[in-house]
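Computed from the coordinates by the stated procedures, all read-outs in this text should not be read as laboratory data. Given the structure is predicted, the values throughout are model-derived calculations rather than measurements. Neighbour counts are summed over all protein chains in view; Cβ atoms, including those assigned to glycine, are modelled from backbone coordinates with ideal geometry.
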Amino acid sequence: MIKKIFLSTLMILFLTLALMGFLTLNNSKSLYYDFVEDGLDRALSAIELSISGTEDFYNAESNTMIQNTVLNNEYRITLIDNKGNVVYDTDRDAETMENHLDRPEVKSAFADEPKRTIRHSDSIKADMMYLARKIYLDEAETAVVRLSMRLSLTEDIYYQSLKNMLFYILFSFFVAAFFSRYILAYLLKPVKEISLFAKSIAGGNYTERMTWFKRDEIGDLTDSLNDMADELQDTFNLLSDRNSELEVILANIVDGIIAIDNNMSVKIINKSAKEILEITENEKVIGKNIFEIIRTIKIFDELKRFVDDVNSGTLVSFESEISGKIVRLTISKISENDFVQGYILVLQNVTQIRKLENIRKDFVANVSHELKTPITSIKGFIETLKEGVEDERTREQFYNIIHMETERLIDLVEDILTLSFLDNENNIKGLNKEWIDPKTNLEEAVEISKNLAKEKGIEIKVETSENLPRVLFNKDYFRQMCLNLIGNAIKFSNENSQIIIRMYKDPKSVKLEVLDSGIGIAEEDLERIFERFYRVEKGRARKEGGTGLGLAIVKHIVQSQGGEIKVSSKVNEGTVFTVSFNYVKNDLSGNDLY
C-alpha cells in the first residue's frame, strides 16, 4: 500500500511540477514577447515622427532616426508604399524584394488594426517579430512602416530557461520524493498496524488490542476497532460455550444424531451414531455423503422420498436393519423462513427392545402353554373321577397324577413370582444381604439334593478349599442358586454317573463350579440356555419335572448379587457351570469379604 501511494504521489508531484514549469516557461516567453513588442512600438512612434512627408519617406537612407534606431537596437526597418512595394529595407536591397501587400502585419496596418506577427523569415533565415503601422505621407497618400527583430536571443533565453526549469523540476522532484517516502511511512504506520491487527483478529486472536494516543481520525478508528474486537471476543466466547454445550449434549445422547445439508453431506455426527453405524472414532465422515456411511436401500428410498415430496410434512419415522441391528430412524427437516436448509437423522438402536419384546411374547406364550398343560391334565382326570372310577388302584393313580400336576403348577407359579421379583430393581436393592459362609450353605444344598440324586444312582462329589472367605449374599437366594444348579445337573446326567461340585478362591473371586457328565449342550444352544422356558431337550425336561425357569432364576440371582455365571459344554460329554463372586479382603475380624 505504501508503495502504491508513494508512486501515485510521485506521479502527481511530477505532473504538477512539469505543468508548473511549462506554464511558467510559456508565461516568461509571453512576457518577453510583450517586452519586444513594446520596444518595437516605441521605435515605430519615433520613426513615424521623423517622416513628415513623401520626400522623407523615399529618402530614408538619410533619415538619422532610422539609422540610429537600427544601430542602437538591431532592428530591421522596412518602408512599404500603399501598393505593397518595398521602398526601403535596412537589411536587404528593396528592389529585389517581393511585394509585401499580403503580409499579415502589413494588411493589419493598412486596416488600422496593427498587431504583432511572429514567423520565420525566408530572406534572412531566422524567426522574426514584426510590427507595422500606417503613416500618412500627405492627405491622399499612405504608407506602412514595419519594424522587425530577430528572436534568436529570445530562443536562447527560452532554451536556457527550459534547461534551468528542467533542472529545478528534477531537483525539486527528487527532494520531494526523498522526504515524502519517510513522511508517507510515518503517516501510514498506523494503517499498517491496523492491517496487522485486522489479520490477527481474522486469525482468531480476539485478545489483541491496539494503542494510539493521538486524538485524531486514526485514534477514533483505533477505538472503534478495539470495541469491535471486544464484541467479537464476547460473541466468540458465547458461541464457543454454546458449541461446547452442544458437543457435550450430543456426546451424551444415547440416540445417534446426524445432521446433513441439502447435498446429503454430513455436517454433524455424534458418538452414538458412530457406534450404531460401527464407524471408528478416528474415521473422518464429516463432509461425506450420507449414503457413503449408511448403505441401506430402504433408508435411501425413504430419505429420497421424504426429500423429494414437498408435502411430506416435517418428519418421518421408520425401522430398518443396519449392520445387524434394528434401528429406528426419525428424519426431520431443518427449516428457516420456510426454506429447508438440511435434515436431522435420529437413530435409535431398538434391537434390545425388539428382542425383549420377542422374549416377552415367548414368555407369555410359554407361560400359557406351561399352565395349560397341567391344568388340562388335572381337568381331564377330575372329570374322569367324577364319572366314577371303581378301581381303587386306578383312582389312586389319578390322584397321584393330579397331585403331581398341582405341585408342578405350584413350582411354576413360584418360579414366575421369583423371576418377577428379581426383575424389579427396587426389590433387588431391598434384599437382605449378610456375610455368609459359602461352604456351609453349599453343603446344605448338597444334602437336600442327595435324595434326588440317589433315585438316579448319581454320586455328588464336593471339593472345597479351606479358609474360603465369606461373601455378602442373600442366604435364601444362595441356597436356591445352589439347589437349581445341582438339580439341573441331576436332571440332565445319566443314571449311575457322577456330579462334581468345586468351590475355591482365586486372587479376584470365589468360584463355584458344577460339573456333570450328562447329555451336554450343543454350541448353538449355549447362548440361549439362560432364557426363560428354553429347554435343550423339552421332553426330557418335562419328564424330569422341570419348569424351564431354573437357569433363568440362577442367572438373575447371580447378577442381582454382583456375580457372574458362565457355561461350557460338549454334547454327550457334560456341562460345567461356573459362578464367580468378588470379595474384599481384610474386614475387622481379619476375614476376606465380598
Beta bridges per DSSP with both ends in the chain, % antiparallel, nearest 5: 95 percent
Packing-based exposure ordering (other Cβ within 10 Å, fewest first) of Glu414, Glu524: Glu524, Glu414
Residues Met129, Met481, Met65 arranged by fewest to most Cβ contacts within 10 Å: Met65, Met129, Met481
Alpha-carbon spread of the chain, three principal axes, descending order, Å: 199, 62, 42
Cα-based helix-to-principal-axis angle, 351-387 vs the chain, degrees rounded to 10: 20 degrees
Table column - 3J(HN,Hα) (Hz), the range 325-331, Karplus curve with 6.51, -1.76, 1.60, x for Gly and Pro: 10, 8, 10, 9, 10, 10, 10
Taking Met264, Met20 and counting other C-beta atoms within 10 Å, the order from fewest to most: Met20, Met264
Interchain or long-range residues, amide H under 5 Å from Val471's placed H: Ile436
Gap separating the Cα centres of the range 325-353 and the range 38-111, nearest whole Å: 114 Å
Euclidean distance between Cα centres, the range 222-270 to the range 506-535, Å: 52 Å
Placed amide H near Glu564: partners under 5 Å, 5+ positions off or other chain: Ser580
Antiparallel DSSP beta bridges within the range 435-505, as percent of all bridges there, nearest 5: 25 percent
Dipole-positive endmost among Phe398, Leu385, Thr373 within the range 354-423 (Cβ charges, Cα centre): Thr373
Straight-distance crosslink candidates among lysines, where the alpha carbon sits under 22 Å from Lys271 and sequence neighbours closer than 8 are dropped: Lys284, Lys288, Lys325, Lys333
All Cα pairs of the range 1-133, percent lying beyond 28 Å: 33 percent
Positive minus negative residues near Ile249 (Lys, Arg vs Asp, Glu; Cβ under 13 Å): -2
log₁₀ of I(q)/I(0) at q = 0.13, 0.18, 0.19 Å⁻¹ - the range 354-423, Debye sum with one point per alpha carbon: -0.50, -0.75, -0.79
Contour excess over end-to-end distance, with Cα ends at Lys461 and Phe179 and 0.36 nm allotted per residue: 90.4 nm
Cβ-placed point charges (K, R +1; D, E -1), dipole of the range 216-278 about Cα centre in debye, nearest 20: 800 debye
